[in-house]
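What follows is a short report on a single structure.
The values are calculated or read from the model by the stated rules, or taken from the named source; none is laboratory data. Model, not experiment: these values are computed from the prediction. Reconstructed Cβ throughout: ideal geometry from the backbone, glycine too, with neighbour counts over all protein chains shown. Keep in mind that these areas ignore ligands, DNA and RNA; they rest on the heavy atoms of the full protein, side chains included. Shrake-Rupley method; radii C 1.70, N 1.55, O 1.52, S 1.80 Å.
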Amino acid sequence: MTTLTFPEDFRWGVATAAAQVEGGAYEGGKAASIWDVHCQTPGAIIDGSTIDVACDHLHRMKEDVALMKDLGVGTYRFSVSWARVMPDGHTLNEEGLAFYSDLIDELRAAGIKPWLTLYHWDLPQVLQDEGGWTNRHTAELFADYAAAVYDRFGARVDVWTTLNEPWCSSFLSYACGEHAPGHTSPDEAVAAAHHLLLAHGLAIRAIDALANEKGEEPTRGITLNFTVAHPADPDSEADRDAARRIDGLHNRIFLDPIFRGEYPADVVEDMRLEADIMQYVRPGDMETIHVPIDVLGVNFYNGMAVAAPEDGYRKSVPAPNAQGVLRSSPEVGSSSVRVVSRNLPLTDMGWEVDAHDLYLLLTDLHQKYTGPAGADLVVTENGAAYPDAADEHDYVDDSHDRLVYIRDHLAAVHQAIDEGARVRGYLEWSLMDNFEWALGYSKRFGIVRVNYDTLERVPKASALWYRDVMRTGTLEIPDAQE
């Protein structure tokens, strides 16, 4: 075995999201979110389930914090439900705020640092009725929401994240049809993408203004989801172009505005036949989006090999995929790029496993975007779903799949740090099994098993192993076999 030691100040933790774990769909003044409504759409959720109860975290919060403390969690990344704290999109609901205030207090008392995400996809339905993220006004309302939440919690929160994975809440939600609100319009998707980025910039400015008044210096950022696209045939110019398209339409379309203040020209051109994102850009927008941040959250699950379409690029809208693989598949502007198998192991989501791709991603982000003096990198989501087999005590021995996945990806993080990338933490997805969006409860990502009949939580083998990793800051990797 080889022992890898992480920096003493490395941030260890876990992550969840409000809509996936809280339940209490209409309790305490909470109104419907787009996911509450989407769950009622016939065929939208593969197992016909809803988020009415989910993991019942709303009522079991203290139990869940105690579990995290027992597991040695140092940071808990959670999201606030906009529909819970502002049911109509703009008026504060004190009962909803009280839940998150109690959660923050409970975490701090347990020695766990709160990492708050303001938006993890559960837009109030009333705002969707007015156009949702296709409506520029939603970005302005989001800044008001961000300011109101920061005003209440401020320095009690360790890290503030504006958005989680705007790729999903634009392309998957407005073009692919898989996520709420379930639309299939490329033009709506690019409008949503721009307005989400605008919302991010406006929210950072609103938080900064309040923090300045309070004499606080918050850590602020955004979380993006990434893939690493490899040309199926590195010697093929067409396949290299396919990889460029995916990198552009999945990664650079968000990175370049945030870090360079502009949309990448090649991406704009790739999308132009289907939708022109530039029609939504107004004077001053790019400067707002380009506001400096302290931390870039990196969500990574898998890379892919891609090839050029056999019959050329064409205008089309991706169709929903019952296997749930659209999260890392081509989107607007590249809908006919082919994903080619690399004959690698697969997770239960059908995603290829190659931890080296995470190393490539982190070093690339450091070299091209965050740099030695820019934002810190933190892996804010990384994990895997597998077909868990629980014993009579609800214990899952996932030591041969999920544990290995996490271990190997942590080794990739360590390698990136060794080579100079400023990676400051790793937050595993997810603390517990939960609602996996369009796939309902059919896929389990948790290191803690949730029995959906009894709602009992039972740590899996991966959780007990990860507890030791977090507590020691070290990782043991089996030496390569001869």
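General remarks:
- Test set (1) closer than 28 Å to Pro309 by Cα; (2) touching a strand residue (DSSP E or B) at 6+ places or on another chain (Cβ under 7 Å); (3) among the aromatic types (Phe, Trp, Tyr) - Phe171 fails condition number: (2)
- Number of residues in the stretch 218-250 that are under 30 Å from Val149 (Cβ atoms) and surrounded by 18 or more Cβ atoms within 10 Å (Cβ to Cβ): the value is 9.
- Conditions (1) of a type outside the set (A, V, I, L, M, F, W, C); (2) open to solvent by less than 20 Å² (accessible area, probe 1.4 Å); (3) free of Cβ contacts under 8 Å to residues at least 24 places away in the same chain; (4) farther than 18 Å from Leu361 by Cα: number failed by Asp256: (4)
- Out of Leu358, Leu365, sole residue that is part of a helix (DSSP H, G or I) and under 16 Å from the mean Cα position of the chain (by Cα): Leu358
- Of all residues in the stretch 413-442, those that are more than 29 Å from Leu172 (Cα to Cα) and of a type in the set (Val, Ile, Thr) have Cβ atoms under 7 Å from Cβ atoms of residues that are crowded, with 21+ Cβ neighbours inside 10 Å and modelled with pLDDT of 95 or more, 6 or more apart or on another chain, in Ile417/Val423.
- Note on the stretch 428-460: residues that are among the hydrophobic types (A, V, I, L, M, F, W, C) and either more than 21 Å from Asp397 (Cα to Cα) or in contact with a helix residue (DSSP H, G or I) (Cβ under 6 Å, 6 or more places away or on another chain) (or both) total 6.
- Pick from the stretch 139-180, criterion under 30 Å from Leu273 (Cα atoms) and surrounded by fewer than 23 Cβ atoms within 10 Å (Cβ to Cβ), ranking: farthest from the chain's Cα centre (by Cα): Glu140
- Residue selected from the stretch 261-290 under the condition within 15 Å of His195 (Cα to Cα) and aliphatic (A, V, I, L, M), by the criterion most open to solvent (accessible area, probe 1.4 Å): Met278
- Residue match in the stretch 454-470 (condition: surrounded by fewer than 20 Cβ atoms within 10 Å (Cβ to Cβ) and of a type in the set (Gly, Ala, Ser)): yes
- Scan of the stretch 406-420 for residues that are touching a Ser or Thr at 6+ places or on another chain (Cβ under 7 Å) and open to solvent by less than 10 Å² (accessible area, probe 1.4 Å), ordered by number: Ile406, Ala416
- Qualifying residue in the stretch 296-305 (condition: over 26 Å from Pro345 (Cα atoms) and either over 18 Å from the mean Cα position of the chain (by Cα) or open to solvent by 40 Å² or more (accessible area, probe 1.4 Å) (or both)): no
So that you can scan it fast, the table gives a plain yes or no per residue for (1) free of Cβ contacts under 8 Å to residues at least 12 places away in the same chain; (2) closer than 20 Å to Val423 by Cβ:
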site: Val340; (1), (2): no, no
site: Pro345; (1), (2): yes, no
site: His356; (1), (2): no, yes
site: Leu361; (1), (2): no, yes
site: Pro372; (1), (2): no, yes
site: Ala384; (1), (2): no, yes
site: Ala390; (1), (2): no, no
site: Asp398; (1), (2): no, no
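- Strands (runs of 3 or more DSSP E) completely within the stretch 390-482 that count 3 or more residues being more than 20 Å from the chain's Cα centre (by Cα): 457-459, 474-477
- The residues listed here are Gly132, Gly89; of these, the one that is over 18 Å from Pro166 (Cβ atoms) and either in contact with a Pro (Cβ under 9 Å, 6 or more places away or on another chain) or of a type in the set (D, E, K, R) (or both) is Gly89.
- Residues being among the β-branched types (Val, Ile, Thr) and either outside any helix (DSSP H, G or I) or modelled with pLDDT under 95 (or both) - total across the stretch 14-66: 8
- Of all residues in the stretch 33-55, those satisfying the criterion of being touching a helix residue (DSSP H, G or I) at 6+ places or on another chain (Cβ under 8 Å), open to solvent by less than 30 Å² (accessible area, probe 1.4 Å) and not β-branched (Val, Ile, Thr) are Ser33, Trp35, Asp36, Ala44, Ala54, Cys55.
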